[in-house]
């Protein structure tokens, strides 16, 4: 009898531990969000979005140039990452059984696991060193390289979910393989793929390490592709490790903007996936 | 179809990274050879480059993060997949995924201004006799190994727990039902499921390890950036990723730059090995189950043919 009680006790303790570990993970999440919102709100105002950074030591100013920079670098990256990612995802799902598809999948997973700072070093070697110039293009290239495997794997997984009957239907009507894939199968999976792309964008917009020595930083406004360009993340980093009180405040404001972007994208994606699941269950 | 060319791009990028990093680090590889990884003096001014302190710091912080994160991550995975009521499952999955979505730089900022002061307060509260131990020696600065380990643990938890959850999902329900039928308690049934899934669980932990090895910004901002090997949790140290982030743009000689790229190369190779191994484990866990499923399908296909 006591043995049973002991076993039950252990079991309850275990259940308690599992519940506790959920709390243990949610506490830092709550703390991070709490501080980012509390500190960020104080420093966030209209100027933050419209003004240039003030000269060192002078209070005020904003991060308008960095916000534009983040959009530019992320946009440049997605311009080549989205097509390459989606099409290679199509290949991996259409030729799922082949050796080369397995190799491509392995490459995608490997690339996904490469530390972002290493991507930065790589792009520095191929796009900065030869031209002796940090540039927005190099930053975009680094972010794009990080985006490709995420999009490719999402596309692949979503295409595999599309019922085979749809493809067979198209083929039976005389469509070529390419036609069946691009006109029937891909559109069916499109809402999911768009969700995946949005999530990838959110993740990439928050990256700092690959930008440190590709797009570097710039306190002045520029939209030139061949000049160094400021981005929100790099700016938050420089401000956070600086010695100025006012810069710290602005770093928090930048963090709040970053977290809001991520949060909005996640919620949007979650809402969209729920809608897709609803459609599939019908 | 032409889509293969795009898939080839993926393969080429990985090869290009390996090639480019090797090419850019040749100077350092030729000059220092294996000594690069055995010596501890990192003095760019004197042209002395020994990377041992960075390896030590990277391994120490990642292992520390795993020690903290693994039990919590597995607890979360078990709670979400086995214990919690169905209505709570989706919100909890969403929240743990949010933990992974927060940018590294935001963790770093939070680390500098919230976590580091908290760690310093904790370090001050450690009683003097314990401070004699090598594990707790050194002045209570706040920045250092402990802060880095904690912040890494927070960042690694969502990865490990989401893979562990997937792995647990692939354990056949009959496993648990069998255990319950034999009179097992909840803990005993789940332990059986965890044991059944052990290769996949190890894979999940290794995947977290791979993440921790390469994490840059948050660690750079709280670890103290001091290239000195120490066993102490309180000592400021340095990691491979952090030295790249800090010194790369300051490298004024070719040899210095090559030495830094060599650190990047090793980081690339090590994470590649760790990730491949972890995927192999997760995959080998899922494969026998898939084969069982295939065994059910194949006869039907044959009879149709």
Which of (1) in contact (Cβ under 8 Å) with a residue 12 or more places away in the chain; (2) at the interface with chain A (Cβ under 8 Å from one of its Cβ atoms) does residue B:3 not meet, given it meets every other one? (1)
For the range B:94-120, which residues satisfy the criterion of being more than 15 Å from residue B:153 (Cα to Cα) and surrounded by fewer than 18 Cβ atoms within 10 Å (Cβ to Cβ)? B:94, B:95, B:113, B:114, B:117, B:118
Which condition number does residue A:177 fail, the rest of (1) more than 22 Å from residue A:104 (Cα to Cα); (2) surrounded by fewer than 16 Cβ atoms within 10 Å (Cβ to Cβ); (3) at the interface with chain B (Cβ under 10 Å from one of its Cβ atoms) being met? (1)
Any hit, the range B:272-289, residues being buried (at least 16 other Cβ atoms within 10 Å of the Cβ), in contact with a strand residue (DSSP E or B) (Cβ under 6 Å, 6 or more places away or on another chain) and part of a helix (DSSP H, G or I): no
Residue ranges of helices (runs of 4 or more DSSP H) in the range B:154-217 with at least 2 members over 24 Å from residue A:11 (Cβ atoms) and under 14 Å from the mean Cα position of the chain (by Cα): B:198-214
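Residues being within 14 Å of another protein chain (Cβ to nearest Cβ) and farther than 30 Å from residue B:105 by Cα: count how many of those fall in the range B:164-194.
Quick first cut of the range B:164-194, residues within 14 Å of another protein chain (Cβ to nearest Cβ) only: B:164-166, B:168, B:176, B:179-180, B:182-194.
Subsequent filtering for residues that are farther than 30 Å from residue B:105 by Cα retains B:168, B:176, B:179-180, B:182-194.
Qualifying residue count for the region: 17.
Does residue B:66 satisfy the condition of being within 29 Å of residue A:266 (Cβ to Cβ), touching a residue at least 40 places away in the same chain (Cβ under 8 Å) and more than 10 Å from chain A (Cβ to nearest Cβ)? Spell out how you get there, then give the answer.
Numbers: within 29 Å of residue A:266 (Cβ to Cβ): yes; touching a residue at least 40 places away in the same chain (Cβ under 8 Å): yes; more than 10 Å from chain A (Cβ to nearest Cβ): yes.
Spelling it out, residue B:66 is indeed within 29 Å of residue A:266 (Cβ to Cβ), touching a residue at least 40 places away in the same chain (Cβ under 8 Å) and more than 10 Å from chain A (Cβ to nearest Cβ).
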Report, by residue number, each residue of the range A:83-104 that is at the interface with chain B (Cβ under 7 Å from one of its Cβ atoms) and more than 20 Å from residue A:164 (Cβ to Cβ). A:84, A:87, A:88, A:100, A:103, A:104
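Please specify each residue of the range A:12-23 satisfying the condition of being buried (at least 17 other Cβ atoms within 10 Å of the Cβ) and more than 12 Å from residue B:82 (Cβ to Cβ). Working first, answer last.
First pass over the range A:12-23, keeping only residues buried (at least 17 other Cβ atoms within 10 Å of the Cβ): A:14-15, A:17-18, A:21-22.
The answer is A:17, A:21, A:22.
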Any residue that is more than 9 Å from chain A (Cβ to nearest Cβ), in contact (Cβ under 8 Å) with a residue 40 or more places away in the chain and not in a helix (DSSP H, G or I) - is there at least one of those in the range B:100-111? no
Going through the range A:142-174 in order, the residues found to be within 12 Å of chain B (Cβ to nearest Cβ) and within 19 Å of residue B:2 (Cβ to Cβ) are A:148, A:151, A:152, A:155, A:156, A:159
Residue A:226 vs (1) in contact with a helix residue (DSSP H, G or I) (Cβ under 6 Å, 6 or more places away or on another chain); (2) closer than 29 Å to residue A:51 by Cβ; (3) away from chain B (no Cβ under 12 Å): all pass except (1)
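Answer yes if at least one residue in the range A:125-139 is at the interface with chain B (Cβ under 7 Å from one of its Cβ atoms) and either closer than 30 Å to residue B:212 by Cα or touching a helix residue (DSSP H, G or I) at 6+ places or on another chain (Cβ under 7 Å) (or both), and no otherwise. Don't jump to the end; show me each part of the working.
Our first condition is that a residue be at the interface with chain B (Cβ under 7 Å from one of its Cβ atoms); within the range A:125-139, this holds for A:125-126.
Checking the rest, the ones that are also either closer than 30 Å to residue B:212 by Cα or touching a helix residue (DSSP H, G or I) at 6+ places or on another chain (Cβ under 7 Å) (or both) come to A:125-126.
Within the range A:125-139 (the criterion being at the interface with chain B (Cβ under 7 Å from one of its Cβ atoms) and either closer than 30 Å to residue B:212 by Cα or touching a helix residue (DSSP H, G or I) at 6+ places or on another chain (Cβ under 7 Å) (or both)), the answer is yes, since at least one residue qualifies.
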Kindly evaluate residue B:72 against the criterion of being touching a residue at least 40 places away in the same chain (Cβ under 8 Å), crowded, with 22+ Cβ neighbours inside 10 Å and within 9 Å of chain A (Cβ to nearest Cβ). yes
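Listed here are the residues, each with its yes/no results for (1) in a helix (DSSP H, G or I); (2) assigned by TED's automatic domain parsing to the domain that holds residue A:144; (3) at pLDDT below 95; (4) surrounded by fewer than 19 Cβ atoms within 10 Å (Cβ to Cβ).
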{"position": "A:57", "(1), (2), (3), (4)": "no, yes, yes, yes"}
{"position": "A:65", "(1), (2), (3), (4)": "yes, yes, yes, no"}
{"position": "A:87", "(1), (2), (3), (4)": "yes, yes, yes, no"}
{"position": "A:91", "(1), (2), (3), (4)": "yes, yes, yes, no"}
{"position": "A:97", "(1), (2), (3), (4)": "no, yes, yes, yes"}
{"position": "A:100", "(1), (2), (3), (4)": "yes, yes, yes, yes"}
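Filter the range A:243-255 down to the residues that are part of a helix (DSSP H, G or I) and more than 9 Å from chain B (Cβ to nearest Cβ) and list them by number.
A:245, A:246, A:247, A:249, A:250, A:253
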Residue count, the range B:121-149, condition under 30 Å from residue A:258 (Cα atoms) and crowded, with 20+ Cβ neighbours inside 10 Å, comes to 8
Could you list, in sequence order, all residues of the range B:21-35 that are in contact with a helix residue (DSSP H, G or I) (Cβ under 6 Å, 6 or more places away or on another chain) and either buried (at least 20 other Cβ atoms within 10 Å of the Cβ) or farther than 17 Å from residue A:125 by Cα (or both)? B:21, B:24, B:25, B:28
Determine which single condition residue A:73 fails, assuming it passes every other condition in (1) assigned to a helix (DSSP H, G or I); (2) within 23 Å of the chain's Cα centre (by Cα); (3) within 12 Å of chain B (Cβ to nearest Cβ). (3)
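The values are calculated or read from the model by the stated rules, or taken from the named source; none is laboratory data. Computed from a predicted model, the values in this text were never measured in an experiment. Please note: Cβ atoms are built from the backbone with ideal geometry, for glycine as well, and neighbour counts cover all protein chains shown.
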